[in-house]
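The values are calculated or read from the model by the stated rules, or taken from the named source; none is laboratory data. Note that the structure is a prediction, hence the values are computed from the model and not measured. Cβ sites come from the backbone with ideal geometry, for glycine too, and all protein chains shown count toward neighbours. For accessibility, only protein heavy atoms count, side chains too; no ligands or nucleic acids. Shrake-Rupley method; radii C 1.70, N 1.55, O 1.52, S 1.80 Å.
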Amino acid sequence: MPLHRGNTEASDEDGPRRLSVNPFFGEANPVGGMTEAPPRHRLPDAPMAPSSAYQVVHDELMLDGNSRLNLATFVTTWMEPQANALMAECRDKNMIDKDEYPRTAELERRCVAMLADLWNAPDPSSAVGCSTTGSSEACMLAGMALKRRWMRRNADRYPGARPNLVMGINVQVCWDKFCNFWEVEPRLVPMEGERFHLDPQAAAELCDENTIGVVGILGSTFDGSYEPIADLCAALDALQERTGLDVPVHVDGASGGMVAPFLDEDLEWDFRLPRVASINTSGHKYGLVYPGVGWALWRDKEALPEELVFRVNYLGGDMPTFALNFSRPGAQVVAQYYSFLRLGREGYRAVQQAARDVAGQVAEAVEKLGDFRLLTRGDQLPVFAFTTAPDVKAYDVFDVSRRMREAGWLVPAYTFPPHREDLSVLRVVCRNGFSTDLAELFVEDLTRSLPELRRQPHPTTQDKGAATGFHH
């Protein structure tokens, strides 16, 4: 047994040296915590006990809506406890540090390989891809690749010539941002009549020698419908035969990219179509992961210009990266791999089919009420849109949205873009966790609201633009 002597440490001017204590471990003034409210818009002067800080934040967040009852969002609002545990274990890992977290980097690589196989890449081993913070970043990356490829082909004319991107007016706002940020002219195919998304022939007619690509949406956020990607590619094939213009297609599969492979296997929309150069999806939508992960894949290395790729040291080797963001947690990528491993093809098929079944059942129940007209029925994305029937004059969709909010449901109401500004609709997104039981409660609450709505003398909405905080 060793013998120890007393204090042998050297002293400083203030006496014996003391342990260094993290400020977070120190006790806050308990009296001050009860009598002094912290400022809202500047840092408080003194610390607060962790339990008090937690309670202050927790209590304010109680005023948020219930995410499980949010029928506006496509984003995943429920995951299994095991996924939550994995995310908690990985939230401190910075994805960009491939050398420090090689296994997280490996799980990201496996997810890309799985998606390349799922989306029928001609040679999955030659497809390239990356994780992103969501589909918005993925779309930016895909758009940058399209523009850079066009610049290569038109080096003798650029920057004099202005590049353009063709897409339906129903695209998500991230594409408007891309065109604004990267100085690309947006050429938008308008809605017409009961067609609420891109028309292939109209899109082809907007293309010229300055077109960097055409965006097809596999699952419009406006009504949940798939755009006809195969017909779009056929129209562009015909355009090339007539004019020699070779225009690539990017598929924005933010939602449908994780639905169609399981429920619509015969639908050709992916890399089976030679004109499809790139695809994106949101892992945090029907990929079944909490917010914060998207994926972008390119058919092969030729579709992603090498000069856009940065290289970092990875275990003494070379790790190519392509991203707008630098530091971000690895938790969502790990959760994506967990979901792929946990469910497999059959599990994803079962989850997505259940969501589509619920969407169809709720759409049918809404139609049977007699006050509404369906635009879509949830038979593509598990999403449907509806508006008031022509003979309903006492209220509008914005009144319905407000009334449903009183029961806790968040149901977006919004007006369609040109040329259908006359059409205002409600949209219901059916996600995993929106069960048959919850769906029945939703229909009951909608039914219960109708007698009072019908007694209104007229719709109460004065400004439709300000009637809802929902925006695409």
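Filtered by the rule that a residue be in contact (Cβ under 8 Å) with a residue 60 or more places away in the chain, under 24 Å from residue 309 (Cα atoms) and hydroxyl-bearing (Ser, Thr, Tyr), region 76-134 gives 101, 104, 126, 131, 132, 133. With the structure loaded, tell me whether residue 79 is modelled with pLDDT of 90 or more, open to solvent by 100 Å² or more (accessible area, probe 1.4 Å) and closer than 30 Å to residue 412 by Cβ or whether it fails that test. When the stated conditions are applied, residue 79 does not pass them. Residue count for region 111-159 satisfying the condition of being of a type in the set (Gly, Ala, Ser) and open to solvent by 50 Å² or more (accessible area, probe 1.4 Å): 3.
If you go through region 258-273 and keep only what is over 18 Å from residue 356 (Cα atoms) and either of a type in the set (Phe, Trp, Tyr) or touching a helix residue (DSSP H, G or I) at 6+ places or on another chain (Cβ under 8 Å) (or both), you end up with 268, 269, 270, 271, 273. Residues of region 258-269 that are part of a loop (DSSP other than H, G, I, E, B) and either surrounded by fewer than 24 Cβ atoms within 10 Å (Cβ to Cβ) or of a type in the set (S, T, N, Q) (or both): 264, 265, 266, 267, 268. Within region 99-107, identify whether any single residue is open to solvent by less than 20 Å² (accessible area, probe 1.4 Å) and within 21 Å of the chain's Cα centre (by Cα), and answer yes or no. Checked against the condition, which is being open to solvent by less than 20 Å² (accessible area, probe 1.4 Å) and within 21 Å of the chain's Cα centre (by Cα), region 99-107 yields no hits at all. Filtering 283, 378, 292 for residues that are closer than 17 Å to residue 435 by Cα and not aliphatic (A, V, I, L, M) leaves a single hit, 378. Could you please let me know if residue 366 is touching a residue at least 60 places away in the same chain (Cβ under 8 Å) and either on the phi > 0 side of the Ramachandran plot or of a type outside the set (Asp, Glu) (or both)? So residue 366 fits the description; yes. Filtering region 206-227 to residues that are open to solvent by 40 Å² or more (accessible area, probe 1.4 Å) and either at pLDDT below 95 or in contact with a strand residue (DSSP E or B) (Cβ under 9 Å, 6 or more places away or on another chain) (or both) leaves only 206.
Residues that are assigned to a loop (DSSP other than H, G, I, E, B), modelled with pLDDT of 80 or more and surrounded by 15 or more Cβ atoms within 10 Å (Cβ to Cβ) do occur in region 86-93, at least one of them.
Scanning region 230-257 for residues that are buried (at least 24 other Cβ atoms within 10 Å of the Cβ), touching a Cys at 6+ places or on another chain (Cβ under 7 Å) and within 29 Å of residue 356 (Cα to Cα) yields one hit, 252.
Scanning region 326-343 for any residue that is open to solvent by less than 40 Å² (accessible area, probe 1.4 Å), farther than 22 Å from residue 118 by Cβ and free of Cβ contacts under 8 Å to residues at least 40 places away in the same chain turns up nothing.
Residue count for region 151-188 under the criterion of being over 15 Å from residue 252 (Cα atoms) and in contact with a Cys (Cβ under 9 Å, 6 or more places away or on another chain): the result is 4.
In summary, strands (runs of 3 or more DSSP E) completely within region 360-472 and bearing 1 or more residues that are surrounded by fewer than 18 Cβ atoms within 10 Å (Cβ to Cβ) occur at 372-374, 413-415. For first residues located in region 446-472 and within 25 Å of residue 73 (Cα to Cα), partners that are basic (Lys, Arg) and modelled with pLDDT of 95 or more and lie 6+ apart or on another chain with Cβ distances below 6 Å form the pairs 449/403.
Note on region 183-202: residues that are at pLDDT 95 or above, in a loop (DSSP other than H, G, I, E, B) and out of contact with any strand residue (DSSP E or B) (no Cβ under 9 Å at 6 or more places or on another chain) total 1. Of all the residues in region 228-246, those that are over 16 Å from residue 189 (Cα atoms) and touching a strand residue (DSSP E or B) at 6+ places or on another chain (Cβ under 9 Å) number 1.
Tell me, please, whether a residue that is without any contact (Cβ under 8 Å) to a residue 40 or more places away in the chain and crowded, with 23+ Cβ neighbours inside 10 Å can be found in region 162-184. Within region 162-184, one or more residues are without any contact (Cβ under 8 Å) to a residue 40 or more places away in the chain and crowded, with 23+ Cβ neighbours inside 10 Å.
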